[in-house]
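What follows is a single structure, written as structure tokens, with notes after it.
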Amino acid sequence: MSMKTLLAAASLVAMAASAQAEVKIGMITTLSGGGASLGIDTRDGFMLAMEAAGRDDVEVIIEDDQRKPDVAVQLADKMIQSEKVDILTGIVWSNLAMAVVPAATAQGKFYLSTNAAPAQLAGRGCNPNYFSVSYQNDNLHEAAGAYAKSEGYTNPFIMAPNYPAGQDSLNGFKRFYGGELAGEVYTKLGQTDYAAEIAQIRASGADSIFFFLPGGMGISFLKQYADSGVDLPVMGPAFSFDQAILQAVGEAAMGVKNGSNWSKDLDNAANAAFVSGFEETYGRLPSLYAAYGYDTANLLLSALDVAEPSDAEAFRAALKAAEFDSVRGEFSFDTNQHPIQDIYIREVIKEGEVYTNKIVATAIEDRSSAYVDECSMN
């Protein structure tokens, strides 16, 4: 079944269910512009699980935030006030999450994060109605820092966009690397020209590069870096080496190491079923964004088997129990309702004509987050 056909079917199911739906889920995600592939994968992974469940008591309302905080806020207000959703999910970008999540949870709505998980919401800003199903923003970058240290790099140049997830990324890398840096640069969110940054790297005396540039930003940087003649080992988080980026960048990404809490080659039954089901349904390999969307839907469904969101205490307890089969294998929540999970190092490889990743090491076992002790729910 093509993606277009599936989405049309999903829309018909949602319309048919709307009159009898007992639970409404509002998905706000990025479906247009430079970050569209991230939101599309999030949506498709989520809907793959929802369609498989076949529940007619759940309605999913999906809207495009256009990667704009003001649009995300307007959509959240509409979903809460007019659509009367019980649960919100789907936001990719941390600046949008910071604009939406605190207000939504203050109104008694549950928010399940498929991706964005800024430090502010893991520590002092934690909330009983907020669950991060993906990670805490620092986690995948911490794995890259641990890898850089284990490889003996002594002078990395590090770079990320200047927004909450970018700040978390460099903090995470530094936390587990712990050494000297050749340079630390924040770029503009959405930037596409990296000539100035590549010149800085060339002049810095760096022995390696760590960068976090998701979506189109990563494609632009990697292509320009490959053409620059600078030949240093490159590291990053999985966000900079997801399936869409790899196909666009091609050979320039080969051999790059990246930190991730998911990979298509993780050996468990839930992951095997997810990867094959996603590829069969959409005609492409899933990314980690799709994996997070799928896990979020299955967590939510497992909680709905126990309680309704209207019984907030019981529904919260059911979410916290995490009684579902995660594509990541073992999965549990810490006291701040962020995951405890293994973080891996992947290497970019080529399978036939498709660029993808494989796990080559476990960087950090049973990692929670650096901010859990700041959360008042301890």
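Let me spell it out: the conditions are (1) within 16 Å of Val60 (Cβ to Cβ); (2) out of contact with any Pro (no Cβ under 9 Å at 6 or more places or on another chain); (3) buried (at least 22 other Cβ atoms within 10 Å of the Cβ), and Tyr289 meets all of them except one. Which number is the exception?
Among (1) within 16 Å of Val60 (Cβ to Cβ); (2) out of contact with any Pro (no Cβ under 9 Å at 6 or more places or on another chain); (3) buried (at least 22 other Cβ atoms within 10 Å of the Cβ), Tyr289 violates only (1).
Taking the criterion of being surrounded by fewer than 22 Cβ atoms within 10 Å (Cβ to Cβ) and out of contact with any strand residue (DSSP E or B) (no Cβ under 9 Å at 6 or more places or on another chain), would at least one residue in segment 134-147 satisfy it?
no
Conditions tested, residue by residue: (1) within 16 Å of the chain's Cα centre (by Cα); (2) farther than 30 Å from Leu246 by Cα; (3) crowded, with 20+ Cβ neighbours inside 10 Å.
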residue	(1), (2), (3)
Glu22	no, yes, no
Ser32	no, no, no
Ser37	yes, no, yes
Asp44	yes, no, yes
Met79	no, yes, yes
Trp93	yes, no, yes
Gln107	no, yes, no
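Give the number of residues within segment 299-316 that are surrounded by fewer than 23 Cβ atoms within 10 Å (Cβ to Cβ) and either within 24 Å of the chain's Cα centre (by Cα) or of a type outside the set (Gly, Ala, Ser) (or both).
The total comes to 10.
For segment 318-339, does any single residue satisfy the condition of being at pLDDT 95 or above, more than 26 Å from Gln243 (Cβ to Cβ), polar (S, T, N, Q) and touching a Cys at 6+ places or on another chain (Cβ under 6 Å)?
Checked segment 318-339: at least one residue is at pLDDT 95 or above, more than 26 Å from Gln243 (Cβ to Cβ), polar (S, T, N, Q) and touching a Cys at 6+ places or on another chain (Cβ under 6 Å).
Looking at segment 95-110, I want the residues that are of a type in the set (D, E, K, R) and have a partner that is in a helix (DSSP H, G or I) with Cβ atoms under 8 Å, at least 6 apart or on another chain. Which pairs are those?
Close Cβ pairs (under 8 Å, with a partner that is in a helix (DSSP H, G or I)) amount to Lys109/Ile80.
Among the listed residues Gly205, Gly179, which satisfies the condition of being surrounded by fewer than 19 Cβ atoms within 10 Å (Cβ to Cβ), at positive phi and either more than 25 Å from the chain's Cα centre (by Cα) or in contact (Cβ under 8 Å) with a residue 12 or more places away in the chain (or both)?
Criteria check complete, one pass: Gly205.
To keep it simple, each residue is scored yes or no on (1) assigned to a helix (DSSP H, G or I); (2) touching a Ser or Thr at 6+ places or on another chain (Cβ under 6 Å); (3) of a type outside the set (Phe, Trp, Tyr).
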| residue | (1), (2), (3) |
| --- | --- |
| Asn258 | no, no, yes |
| Ser263 | no, no, yes |
| Gly293 | yes, yes, yes |
| Leu301 | yes, no, yes |
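Would you say Phe212 is touching a Ser or Thr at 6+ places or on another chain (Cβ under 6 Å), closer than 19 Å to Tyr344 by Cα and in the same structural domain as Gly255 (by TED's automatic domain parsing)?
yes
Collect the residues in segment 225-241 that are touching a Lys or Arg at 6+ places or on another chain (Cβ under 9 Å), buried (at least 16 other Cβ atoms within 10 Å of the Cβ) and in a helix (DSSP H, G or I), keeping them in residue-number order.
Correct list: Ala238, Phe241.
Looking only at segment 148-172, which residues are within 30 Å of Ala317 (Cα to Cα) and surrounded by fewer than 24 Cβ atoms within 10 Å (Cβ to Cβ)?
Within segment 148-172, just Pro164 meets the criteria.
Within the set of pairs 6+ apart or on separate chains, which have a first residue in segment 121-141 that is over 10 Å from Tyr371 (Cα atoms), a second that is surrounded by fewer than 24 Cβ atoms within 10 Å (Cβ to Cβ) and of a type in the set (Val, Ile, Thr), and C-beta atoms under 7 Å apart?
Asn127/Thr105; Asn129/Thr105; Tyr130/Thr105
The values are calculated or read from the model by the stated rules, or taken from the named source; none is laboratory data. Worth saying up front: this structure is predicted, and the values here are computed from it rather than measured. Note that each Cβ is placed from the backbone with ideal geometry, even for glycine, and that neighbours are counted across all protein chains shown.
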